[in-house]
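Student: Take a look at this one; I'll ask things after.
Nothing in this text is a laboratory measurement; each read-out follows from the coordinates by a stated rule. Please read all numbers here as calculations on a predicted model, not as lab measurements. Positions of Cβ are backbone-derived with ideal geometry, glycine not excepted, and every protein chain shown enters the neighbour counts.
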Amino acid sequence: MKLVAFAVLVSLAVPAVAGPQPWRREITETDRKRLAGLWRAWTTARAQVGAAGHSDAWAKEEPLTDPAAGAGGEAPPPGRYRCRTVKLGTRTAGMPVWTMSETYPCRVEQVEGGLRFVREGGAQRTAGLLFPDGDRQVYLGALSLGSEGGLFDYNADAERNQVGVLRRLGERRWRLELPWPKWESTLDVIDIVPA
């Protein structure tokens, strides 16, 4: 009897083991590999930018372009933001290795199950869900073109899938890192600041 009582006490004291993070159930195998290759995307992009003579531009944009930067912490709270995208490196011959977009509106929304990030405006828009994962947020989203009326959902079209990591860079600044986009660059980095 004492052994049974002890077992009950132990079971109450030990928290249940959580299942896999929700993003781990949603992510495709191809995107899992892209996410696992995030550091390689940073180093490849850095080498391409340097070889093209843009190292000064890279340094000028730090901490945004510093792969080691990131304060951990929370995701941006729901609200309106300003975003600009820096495309680093290239996967297509003849494409520039360094481009920076204008600033466009973006937003973080509270939705069932978490947060949704949407970058509005411009030739390429993005929308997807943010999943807490330690000191970062994992992003599963999709690319939509500016000429298209709606926004794609993750995995509606594998060629539009985006995967990445959102990190806090400062008290009111975040960076969304999108490794190995299907089109153009080696790494897209979206700078996110309050509107």
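Student: How many percent of the alpha carbon pairs in the range 67-117 exceed a separation of 12 Å? Don't skip to the answer; put the middle values down first.
Tutor: On the way: 945 of 1275 pairs.
The proportion of pairs with Cα distances above 12 Å equals 74 percent.
Student: Which one of K182, K87, K60 has the biggest mean-square fluctuation once the chain is modelled by GNM with Cα springs under 10 Å?
Tutor: Comparing K182, K87, K60 in the GNM, the peak value goes to K60.
Student: Just grab the label-to-label distance for A156 and Q21, each label 7 Å out from Cα along the Cβ direction, in nm (one decimal).
Tutor: 2.5 nm
Student: Which helices count as membrane-span-like in the chain under these terms: full DSSP H, at least 18 Å along the axis by C-alpha, Kyte-Doolittle mean of -0.5 or more?
Tutor: Result, helices passing both filters: 38-51.
Student: For the residue pair M95 and R80, what label-to-label distance in nm results when each label sits 7 Å from Cα along the Cα-to-beta-carbon direction?
Tutor: So the two model labels end up 3.2 nm from each other.
Student: Mind listing the long-range amide H neighbours of R91? Cut-off is under 5 Å, sequence gap 5 or more, other chains count too, H placed in the peptide plane at 1.01 Å from N.
Tutor: The answer is E184, S185, T186.
Student: Efficiency by 1/(1 + (r/R0)^6): what FRET value for D56 and D133, r their Cβ-Cβ distance, R0 = 35 Å, to the nearest 0.05?
Tutor: Working: r = 34 Å, r/R0 = 0.96.
FRET efficiency, D56 to D133: 0.55.
Student: Count charges around Y104 for me, please; just the other residues with Cβ under 10 Å from its Cβ, Lys/Arg as +1, Asp/Glu as -1.
Tutor: Values: positive: R82, R84, R119, R125; negative: E102, E120.
Spelling it out: positives minus negatives among the neighbours equals +2.
Student: Please list, in order along the range 144-154, the HN-Hα scalar couplings obtained from phi with the Karplus expression 6.51 cos²θ - 1.76 cosθ + 1.60 (θ = phi - 60°), rounded to whole Hz, x for Gly and Pro.
Tutor: Residue by residue, the range 144-154 yields 10, 7, x, 7, 8, x, x, 10, 6, 8, 4 Hz.
Student: In square nanometres, what is the average projected area of the Cα convex hull of the chain? Please list the in-between numbers first.
Tutor: Details: hull surface 55.1 nm².
Its average projected convex-hull area is 13.8 nm².
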